[in-house]
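Notes to accompany the following structure.
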Amino acid sequence: MKKLIPFAMLIFIGVSWGLAVPLTKIAVSGGYQPFGLIFWQMVIGAIVLGVINAVRRRPLPMHGRVIFFYIAFALIGTVIPNGASFKAYAVLPAGVMSLLLSLIPMMAFPIALILGLDRFSVKRTVGLLLGFMAILLIVGMPDALPDAAMLAYVPLGLLASLMYAFEGNFVARFGTGGVGPLQLLLGASIVGAMITAPISWFMGQWINPIHIWGMADLALIASALIHTVVYTLYVTIVRTYGPVFSVQVSYVVTAAGLGWAMLILGERYSGPIWLALGVMFVGIYLVSPDLSSKNKLNVRTK
């Protein structure tokens with residue numbers, strides 16, 4: 001039974017993360033801008049994690065080394081990827097954003113090579129090339145996207161995937177600064193709110209919470225809660241089971257994101273998108289290391 005726990009966590013993370021895709025689409029469709037959304041996402045996350053941490057009676061470390069990790073995770077885990085992807089969500093279909101998220105393991109492979117966390121593999125290189133082929137199917141086929149003008153926003157979605165790919169390798173290479181996932185995310189949420197508050201204000205993206213809430217506001221709250229829970233669990237499985245296992249979540253996120261978008265938003269996709277999905281899944285399979293391999297990556301926790 002214990003062997004099923006990591007897989008259950010993986011499925012829960014993937015389905016929940018996939019649900020956040022159409023919810024984010026609803027939030028940005030309400031006219032809200034990225035940094036205003038990110039600020040409240042961080043605030044909601046800090047409140048939820050702060051209450052849990054208080055119940056656990058755990059102090060939040062604030063020494064120099066761990067503050068660096070708070071800043072790093074706030075930037076590479078939320079501020080930069082969400083700042084880019086929220087702009088993309090406003091234009092691209094939610095299902096396409098799910099496909100772009102599935103590139104995370106393919107982008108993680110060359111980063112792992114650079115950081116010395118992995119070794120070159122012909123099979124995984126082929127998987128990486130298939131990932132790029134899937135992107136070409138999305139941006140190169142005339143019928144893939146409803147409007148050719150959407151192509152300009154695909155790089156923003158790719159930037160988000162690149163940041164998440166780097167984040168997983170960052171945890172594998174440098175650990176979490178000596179704190180647990182919950183404390184790490186709490187510190188990162190506080191720092192992230194401090195970073196995005198002045199940015200959202202001066203850029204005119206501030207969201208005043210004192211108004212009659214609509215679907216966009218409810219979607220923002222729901223997606224923020226999902227982000228808080230899923231992000232904490234994701235760092236947990238990366239830290240506990242390593243990036244070799246946790247990278248498999250991309251399958252679930254992509255399939256769930258497409259499914260939720262069809263169910264909630266009524267999106268429908270053309271043939272090139274489904275072809276890209278098939279190519280992407282083959283690429284993920286080839287890029288993902290063998291879970292039974294004895295050469296599993298070592299994950300640093302301190």
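Please go through (1) among the polar types (S, T, N, Q); (2) under 22 Å from residue 257 (Cα atoms); (3) modelled with pLDDT of 90 or more for residue 102 and return the number of the only condition it doesn't satisfy.
Result: residue 102 fails condition (3) only.
Return only the number of the condition from (1) open to solvent by 10 Å² or more (accessible area, probe 1.4 Å); (2) closer than 12 Å to residue 73 by Cα; (3) not basic (Lys, Arg) that residue 167 does not satisfy.
Result: residue 167 passes all but (1).
Is the range 57-70 home to any residue that is free of Cβ contacts under 8 Å to residues at least 60 places away in the same chain and either part of a helix (DSSP H, G or I) or charged (D, E, K, R) (or both)?
Yes, that holds for at least one residue.
With (1) open to solvent by less than 40 Å² (accessible area, probe 1.4 Å); (2) at pLDDT 75 or above as the list, and residue 275 as the residue in question, which single condition is left unmet?
With (1) open to solvent by less than 40 Å² (accessible area, probe 1.4 Å); (2) at pLDDT 75 or above applied to residue 275, the lone miss is (1).
Could you check how many residues of the range 209-225 are open to solvent by 20 Å² or more (accessible area, probe 1.4 Å) and either in contact with a Cys (Cβ under 9 Å, 6 or more places away or on another chain) or in contact (Cβ under 8 Å) with a residue 40 or more places away in the chain (or both)?
Quick first cut of the range 209-225, residues open to solvent by 20 Å² or more (accessible area, probe 1.4 Å) only: 209-215, 218, 221-222, 225.
Subset that is either in contact with a Cys (Cβ under 9 Å, 6 or more places away or on another chain) or in contact (Cβ under 8 Å) with a residue 40 or more places away in the chain (or both): 209, 214-215, 221-222, 225.
The qualifying residues number 6.
Out of everything in the range 106-139 that is basic (Lys, Arg) and closer than 13 Å to residue 286 by Cα, what residue ends up being most open to solvent (accessible area, probe 1.4 Å)?
Here is the first cut: in the range 106-139, the residues basic (Lys, Arg) are 119, 123-124.
Narrowing the set further to residues that are closer than 13 Å to residue 286 by Cα leaves 123-124.
On the way: 123: 96, 124: 25 Å².
For the range 106-139, the residue satisfying everything is 123.
Just checking, how many residues over the range 170-201 are crowded, with 24+ Cβ neighbours inside 10 Å and over 16 Å from residue 235 (Cβ atoms)?
Result for the range 170-201: 1.
Among the residues of the range 278-291, write down those that are closer than 25 Å to residue 118 by Cβ and assigned to a helix (DSSP H, G or I).
Here is the first cut: in the range 278-291, the ones closer than 25 Å to residue 118 by Cβ are 279-291.
If the condition is that a residue be closer than 25 Å to residue 118 by Cβ and assigned to a helix (DSSP H, G or I), then 279, 280, 281, 282, 283, 284, 285, 286, 287 are the ones that fit.
Sort through 240, 228 and tell me the only one that's open to solvent by 30 Å² or more (accessible area, probe 1.4 Å) and under 19 Å from residue 8 (Cα atoms).
Working: 228 fails: open to solvent by 30 Å² or more (accessible area, probe 1.4 Å).
Answer to the selection: 240.
Among the hydrophobic types (A, V, I, L, M, F, W, C), touching a Ser or Thr at 6+ places or on another chain (Cβ under 8 Å) and at pLDDT 90 or above: is that true of residue 226 in this structure?
Taking the combined requirement at face value, the residue satisfies it.
Run residue 49 past the list (1) at pLDDT 90 or above; (2) surrounded by fewer than 23 Cβ atoms within 10 Å (Cβ to Cβ); (3) in contact with a Leu (Cβ under 9 Å, 6 or more places away or on another chain) and report the number of the one that doesn't hold.
(2)
The values are calculated or read from the model by the stated rules, or taken from the named source; none is laboratory data. Fair warning: this is a prediction, and the values are worked out from it, not measured in the lab. Positions of Cβ are generated from backbone atoms using ideal geometry, with glycine treated the same way; all protein chains shown enter the neighbour counts. Side chains are part of the model used for accessible areas, which takes the heavy atoms of the whole protein and leaves out ligands, DNA and RNA. Shrake-Rupley method; radii C 1.70, N 1.55, O 1.52, S 1.80 Å.
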